[in-house]
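Every read-out reported here was derived from the displayed coordinates using simple, explicitly stated rules and does not represent laboratory data. What you see is a predicted model, and the numbers here were worked out from it, not measured in a lab. When we count neighbours, we look across all protein chains shown, and the Cβ atoms used for this are built from the backbone with ideal geometry, even at glycine.
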Amino acid sequence: MTNTIPQDLPLRNDLIGEVPYGAPQLDVPVCLNVNENPYQPEPAVVDEIAERVRQVAPTLNRYPDREHTALREAFARYLKRESGVWLDVGQIWGANGSNEIMLQVFQAFGGPGRKALGADPTYSMYPEYARDTFTQWLTVPRRDDFTLDLDALLRAMGREKPAIVLLTSPNNPTGTILPMDDLEAVLKASAEIGVAGAKDGVHPVVVVDEAYIEFRDPGMPTALELLGRYPNLAVSRTMSKAFAFAGARVGYLAASPGIIDCVRIVRMPYHLSAVTQATALAALEHTDEQLAQVSHLRETREATADWLKHQTWHGQPLKVADSQSNFLLFGGSFDDRDRIFDELLKRGVLIRVVGPEGWLRVCMGIDEEMARFREALTEVLAQLEHE
Ligand SMILES: Cc1ncc(COP(=O)(O)O)c(C=O)c1O
C-alpha cells in the first residue's frame, strides 16, 4: 500500500514517516507467516458460535457487560485446566487480542519519562506500544542461542529503572522459553529497584507474554504459577494461537487485582463487544476441540526442526533455534534471505522475514502445507546455490 498522507495534516511529529505494522496478507495457497493455528473450528463449534451470536443479536441495542465477567470466569476455568492455577475474576482481564492487553499495560504503566525493557530479538510490536504511549523502549541483546542474558537484563534494570520489564515465553520470533529461575531472579530484582519517572517506593511490573505457551512441552511450568508470590507479575495470554481463534481477537491478562485495577483505568468503556464476548464464551466451552491439534502441531514442530537441521546452505547444515512454540526460526547464514522468501512465495509458500539477518521464520501448518514447504525450500535452496 502506498502512503497517501497529505503533508498538511497535523500528524504527530514522531509518527511522520511511520507505516502501519503488519505482515503481508497475501492470497497464497500456503500461509505460514503469522503463527496461527492452521486448523479451522469443527462444524459443531461453528454452529455453537453462530447460535450464541444469534442469541445476543436482539440485545445489540444495549452496551455489553463492561466488566465481561462471564468471560473472565471462563478464562479462570480455562487457566485452571490448562496450567493448574486457580485465579479469581479480579485477577483476570480481557481485551481485543493480547495486542490490546499490552497496549493497555503500556498506557497504565508507561508514558512520558517512563521506560520499558525487553530482550532482543523479540516481538516487533513492543516498540510500537512504547511509541504510541510515549514510553522509551529499551532492549538487551539475547545470547547467541537466543536465551535470555539474565545478567545483562538485571544490569539494565538496575541502571534504567524501567516501569515495565517485558519478557516473552516462548519468545517470538525465536521460540525460546524463559526458564522459571530466570523469571524469579527478575521478579526478585524488580522488588529491589525503583522506577524512573515515578515516586519513591514504586517497583517495576514484570510482564510475561505467554501468547504461545500452550505449545510448550507437557509438564513445563508457566509464569502463572508465580502469580501468588509476586504481586508485580502480570501474564499475558491469547486465544489467537494454540486456541485457534485469531479472527475473534481475544486476549487476556492474569495478574494481581492491583495490576488489573490499574489497567481498568485506561480501557475504553465497553471495549469488548457483546459479539466478541459471546463467541469467546462459546469457543471456551469447546476447549477440547479448539486445542485438539496442539499436540500434533508440537510433533510437526519437532519433525520440521529435525528436517531443517538436515538441509544445507553452502555446505553447512541449517541452524534451527530451539522452539517451544508453533514456529521455527531457521537458517542463520542466509546471505540473502529476502531472495529465499521471494522464491518460496513464487511457489505459493508464504513465510516471514523477521528476526536477525540470515534467519527466516516458518509457522507450523497442516501436514499438506508442511510437505509443500519442504518441497519448495528444497527446490529454492538448490536453485540459489547453483546460480
Ligand atoms: C509474542 C506475541 N505476543 C502477542 C501477540 C499478539 O497476538 P493477539 O493480539 O492476536 O493476541 C503476538 C502475535 O503474533 C505475538 O507473537
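Annotations
- Taking a straight line from the alpha carbon of residue 188, these aspartates and glutamates sit under 18 Å away, with near neighbours fewer than eight places off in the same chain left out: 149, 151, 160, 200, 225.
- When the alpha carbon coordinates of the range 263-370 are projected onto the principal axes, the ranges are 56, 32, 27 Å, largest first.
- Computed over the range 1-143: relative contact order in percent, which uses C-alpha pairs under 8 Å that are six or more apart: 14 percent
- Taking the DSSP bridge list for the chain and keeping only pairs wholly inside it, about 50 percent are antiparallel.
- Taking a ≥ b ≥ c as the square roots of the eigenvalues of the Cα gyration tensor, the range 221-270 is oblate, since a/c reaches 1.5 or more and a/b is not larger than b/c.
- For the range 335-343, 3J(HN,Hα) computed residue by residue from phi via the Karplus equation (6.51, -1.76, 1.60; θ = phi - 60°) reads 6, 9, 5, 4, 5, 5, 4, 4, 5 Hz, glycine and proline entered as x.
- Under the simplified labelling scheme, the residue 88-residue 9 pair shows an inter-label distance of 4.6 nm, with each label point 7 Å from Cα along Cα→Cβ.
- Centroid-to-centroid separation of the range 105-162 and the range 337-387 [C-alpha atoms, Å]: 31 Å
- Max mean-square fluctuation residue, GNM over the chain, Cα-Cα springs under 10 Å, options 179, 356, 43: 43
- Taking amide H as placed 1.01 Å from N in the peptide plane, the amide H of residue 313 sits under 5 Å from that of 318, each at least 5 places away or on another chain.
- Whether the range 332-385 is rounded, prolate or oblate, judged on the alpha carbon gyration tensor where a/c under 1.5 counts as rounded: oblate
- Derived scalar couplings between HN and Hα for the range 157-164 equal 4, x, 6, 8, 6, x, 7, 10 Hz in order, rounded to whole Hz, by the Karplus curve 6.51 cos²θ - 1.76 cosθ + 1.60 (θ = phi - 60°), x for Gly and Pro.
- Comparing 279, 69, 176 in a Gaussian network model of the chain where C-alpha atoms under 10 Å apart are linked, the largest mean-square fluctuation is found at 69.
- Mean ellipticity per residue at 222 nm, deg cm²/dmol - from DSSP H runs of n ≥ 4 across the chain, formula -39500 (n - 2.57): -11000 deg cm²/dmol
- Long-range HN-HN contacts of residue 149 with modeled amide H, under 5 Å: 143
- Kirkwood-Stokes translational diffusion coefficient of the range 186-248, alpha-carbon pairs, 4 °C, 1.567 mPa s, µm²/s: 95 µm²/s
- Springs between Cα atoms under 10 Å define the GNM used for the chain, and in it the highest mean-square fluctuation of 296, 314, 68 occurs at 314.
- In percent, rounded to a whole number, the relative contact order of the chain is 22, using alpha-carbon pairs under 8 Å and six or more apart.
- For the range 1-111, the square roots a ≥ b ≥ c of the C-alpha gyration tensor eigenvalues yield an a/c of 1.5 or more together with a/b exceeding b/c, which makes the shape prolate.
- Compactness of the range 43-290 as Cα Rg over 2.2 N^0.38 Å, two decimals: 1.01
- Farthest toward the positive end of the dipole of the chain, out of 211, 57, 323, is the Cα of 57, where the dipole comes from beta carbon charges about the Cα centre.
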